[in-house]
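Please read the structure below before turning to the comments.
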């Protein structure tokens, strides 16, 4: 195998491969990246057996062939090289030569036969449907931060995805907060099994997708497949029963606060500078004002008052400030509404005007 390619072009794809397999043991074939050159195209594959990645890019091909090389060192070599064209050549059975075209630099990297590389998962064609890239990225952004990191509650370690009455719905919760988004972007959305998608592949989609055109989604009982631009990804799904999120969604909340999103977000961020391990901030609601404050502690106390639209009793509630910051960061409108019934029950955060997403936060105990 012998081909020439721009360093930056191949390095971008090898960086993705490295992200997928970076936790693998250096002695395993799974720590290698698969390279196959044929008919002017280089195919790159990587997998950790749970997540798989494949991409294609055009190259100047002199000799077809395939090989696997240790991804970590391959990426390190590419990063060290100057910009410009690089020549790659497999010589013998276990050597991969990397040399810049315009520099006298020569790397000989040990390789392993491509025959030992595991086959990637493939989905039946009928399991795929198309969905707008931009909409999928938005759905991931509005939900992924609420995924639980408690491994004992593994069924909440991903984002739940389902077909709900012909609309795509994504939900995430860690038991103390919940994020929900619904999309009617596709008419006649095909049926597929409700699944729990690990955050690793969702973060990859969010980072790699251009946001232009459609993505092809394929859902089977054990895997989710995603194809966009020149890249293909798949991931094993999380097995288990996702909580009945509909029970958590309040039917009606009589109190409403309307506040400028950016002003509210910055006030919480400033006050949180003096918040310690509890992450507790207090919201004091009075007529047309919110006072955000931290607990009194050895390091001091912070307090900031901002204006809002609120008519109701004066109340104080305690909330985890990060549970407020996370949704406020991804809501992309000027104003938000806080809906609640009393200081001990769920608070719903919604965009103004209402969008097809919302975030629910459970208050903390007042101390």
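The values are calculated or read from the model by the stated rules, or taken from the named source; none is laboratory data. What you see is a predicted model; the values in this text were computed from it and never measured. Using ideal geometry, Cβ is built from the backbone for each residue, glycine included, and neighbour counts are taken over all protein chains shown.
Scan the range 16-24 and give yes if some residue there is in contact (Cβ under 8 Å) with a residue 40 or more places away in the chain, over 21 Å from residue 118 (Cα atoms) and under 25 Å from the mean Cα position of the chain (by Cα), otherwise no. No, that holds for no residue. For residue 339, the requirement of being part of a loop (DSSP other than H, G, I, E, B), outside the structural domain of residue 177 (by TED's automatic domain parsing) and surrounded by fewer than 21 Cβ atoms within 10 Å (Cβ to Cβ) is not met.
Residue 208 satisfies every condition listed in (1) within 29 Å of residue 58 (Cβ to Cβ); (2) modelled with pLDDT of 95 or more; (3) buried (at least 17 other Cβ atoms within 10 Å of the Cβ) except (2).
Let's see how each residue does on (1) free of Cβ contacts under 8 Å to residues at least 40 places away in the same chain; (2) surrounded by 18 or more Cβ atoms within 10 Å (Cβ to Cβ); (3) assigned by TED's automatic domain parsing to the domain that holds residue 237:
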site	(1), (2), (3)
36	no, yes, no
48	yes, yes, no
63	no, no, no
82	no, no, no
94	yes, no, no
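Candidates are the residues of the range 163-181 that are surrounded by fewer than 18 Cβ atoms within 10 Å (Cβ to Cβ) and in contact with a strand residue (DSSP E or B) (Cβ under 8 Å, 6 or more places away or on another chain); the one that is nearest to residue 243 (Cα to Cα) is 176. Scanning the range 225-248 for residues that are within 17 Å of residue 361 (Cβ to Cβ) and in contact with a strand residue (DSSP E or B) (Cβ under 7 Å, 6 or more places away or on another chain) returns 243, 245, 248. Residues that are over 16 Å from the mean Cα position of the chain (by Cα), assigned to a loop (DSSP other than H, G, I, E, B) and more than 23 Å from residue 355 (Cβ to Cβ) do not occur anywhere in the range 198-218.
Applying the criterion of being in contact with a helix residue (DSSP H, G or I) (Cβ under 8 Å, 6 or more places away or on another chain) and within 17 Å of residue 365 (Cα to Cα) to the residues of the range 277-296, the residue that is surrounded by the fewest Cβ atoms within 10 Å (Cβ to Cβ) is 279. Scanning the range 96-139 for residues that are in a loop (DSSP other than H, G, I, E, B), touching a strand residue (DSSP E or B) at 6+ places or on another chain (Cβ under 6 Å) and touching a residue at least 40 places away in the same chain (Cβ under 8 Å) yields 101, 117, 120, 121, 123.
The residue of the range 101-118 that is nearest to the chain's Cα centre (by Cα), among those that are within 14 Å of residue 45 (Cβ to Cβ) and crowded, with 17+ Cβ neighbours inside 10 Å, is 117. Scanning the range 272-305 for residues that are more than 25 Å from residue 256 (Cα to Cα), in contact (Cβ under 8 Å) with a residue 24 or more places away in the chain and assigned to a strand (DSSP E or B) yields a single hit, 300.
Taken together, the residues in the range 246-271 that are without any contact (Cβ under 8 Å) to a residue 40 or more places away in the chain, part of a helix (DSSP H, G or I) and closer than 18 Å to residue 358 by Cβ amount to 2. For residue 142, the conditions (1) part of a helix (DSSP H, G or I); (2) out of contact with any helix residue (DSSP H, G or I) (no Cβ under 8 Å at 6 or more places or on another chain); (3) over 19 Å from residue 225 (Cα atoms) are fulfilled apart from (2).
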